[in-house]
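One structure below.
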Amino acid sequence: MQIFKHELKKLLCSPSLLVFLALCIGFNVFLILVDYFDDYSDYVGDVSRTTGFTLGTEFDGNLANLPHDEYRDWLQSDTQGAEDIFDGYTTDYIAEKYIARLGLTGRMAEAMRDKYAKLQTSVDDKAATDESLSLYFASATYSMHRDLFSGVLFRITIQMALLASLAMLLSIGYEHTSNTALVVYATKTGRRITHHKLLASVTTGFIAMAVLTSITLAVYFSVNDFGNIWGSSISSLFNYFRDFDSTARPFVTWQNHTVLTYLLSTLGISALLTLCFALMAYCIGTWLKNSYMGFLIFILINAALFASAYMLPSGSPPQFAVTLSPMWLWVLQPVWFSDGGISVLWANFETLGVAVSLALLTGFGIFSTIMFRKRDVL
């Protein structure tokens, strides 16, 4: 435990990590203060405390009783006569469009059809409960949803992945950097010190994630009034998914998510994805003595994973499989908990991808640790 505490203290006091964290916070706050404000969405969030978030007769009455102004008329125009978009909505056409676009045949085509057959079940459940009759941010929903989940949280995830990975590589390579490897590895703990370094680095990553996320979101929600919007369905009739051909369709999630549960679920997957990147860095660090060279290799591996999806044959099993890698899970973060679009073959791909990545990286981490213990120090 004492070794873990010392390793943790070294990381938490590391100037490079603290500077990187400060730069990330400053960058996020700057973008929020410059770009993330909309008068109409702020109005919707404010009046939602009075009107509620479930569209219908009661909502219309509450809205009509509010003082007359431009934004109230705008919101009335958005919401009056709203109908459940999931009534009679079918998803099989999406599968057929993707199959034709990718040229899928045989089992691959059936797998795509199976995904959207499962999605139809979710659509039917949402239709039965009128889930789409939810306010969210009315006609400002798409931009607000994009700004938070495709902007703010998207950046937080990659920032934390980089910070956790850098912390891991700095910790694993510390002995070689400071020329103390011969002394440390000759002690009673010896090369088992990597266990303490792994735990300290992961802990540092999660602490930094908590700080970065808390400050960034605190600033974002102080600028943008979400009012009573937290209970709105993420699959509101005002939210939509823009496909590869620029057509728009309802944003359908596998489960019934409110804005709050969707936010918390996204943060949960982001934390697990951060762990995946940290484990990847651990594996690299046990094979390389130079931390900065290891960070360069880390970047190159993820760049190769990103590029491979475009280089592999279109619609091939390897191309779909690479979307389960940590790098592509981050790229696809804006469509987590939905069908994922043309790049994804499996339901709940973000959960499946994180589970597969953690299993593979844990296995390779164990192998790397064993080989590290056998390798010459110099």
### Summary
Filtering region 218-240 for residues that are surrounded by fewer than 19 Cβ atoms within 10 Å (Cβ to Cβ) and in a strand (DSSP E or B) leaves a count of 1
### Task
Give the residue, chosen from Phe298, Phe367, Phe277, Phe306, that is over 19 Å from Arg155 (Cβ atoms), among the aromatic types (Phe, Trp, Tyr) and out of contact with any Lys or Arg (no Cβ under 7 Å at 6 or more places or on another chain).
Phe367
### Query
Can you tell me how many residues in region 237-274 are hydroxyl-bearing (Ser, Thr, Tyr) and more than 20 Å from the chain's Cα centre (by Cα)?
2
### Task
Among the residues of region 242-273, write down those that are hydrophobic (A, V, I, L, M, F, W, C), without any contact (Cβ under 8 Å) to a residue 24 or more places away in the chain and not in a helix (DSSP H, G or I).
Ala248
### Query
Is it the case that some residue within region 151-161 is modelled with pLDDT of 95 or more, farther than 30 Å from Tyr282 by Cβ, crowded, with 20+ Cβ neighbours inside 10 Å and touching a helix residue (DSSP H, G or I) at 6+ places or on another chain (Cβ under 9 Å)?
no
### Query
How many residues does region 117-150 hold that are touching a Leu at 6+ places or on another chain (Cβ under 7 Å) and either surrounded by fewer than 22 Cβ atoms within 10 Å (Cβ to Cβ) or in a loop (DSSP other than H, G, I, E, B) (or both)?
3
### Task
Examine region 40-52 for a residue that is part of a helix (DSSP H, G or I) and either acidic (Asp, Glu) or in contact with a Pro (Cβ under 6 Å, 6 or more places away or on another chain) (or both), and state whether such a residue exists.
yes
### Query
Any idea which residue in region 88-107 is surrounded by the fewest Cβ atoms within 10 Å (Cβ to Cβ), counting only those that are over 26 Å from the mean Cα position of the chain (by Cα) and closer than 21 Å to Trp254 by Cβ?
Gly88
### Task
Just name the residue that is surrounded by the fewest Cβ atoms within 10 Å (Cβ to Cβ) out of those in region 310-342 that are assigned to a helix (DSSP H, G or I) and among the aliphatic types (A, V, I, L, M).
Met311
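The values are calculated or read from the model by the stated rules, or taken from the named source; none is laboratory data. It should be emphasised that the depicted structure is a prediction, and the values quoted were computed from it without experimental measurement. Quick reminder, even Gly has a Cβ in these numbers, built from the backbone with ideal geometry, and neighbours come from all protein chains shown.
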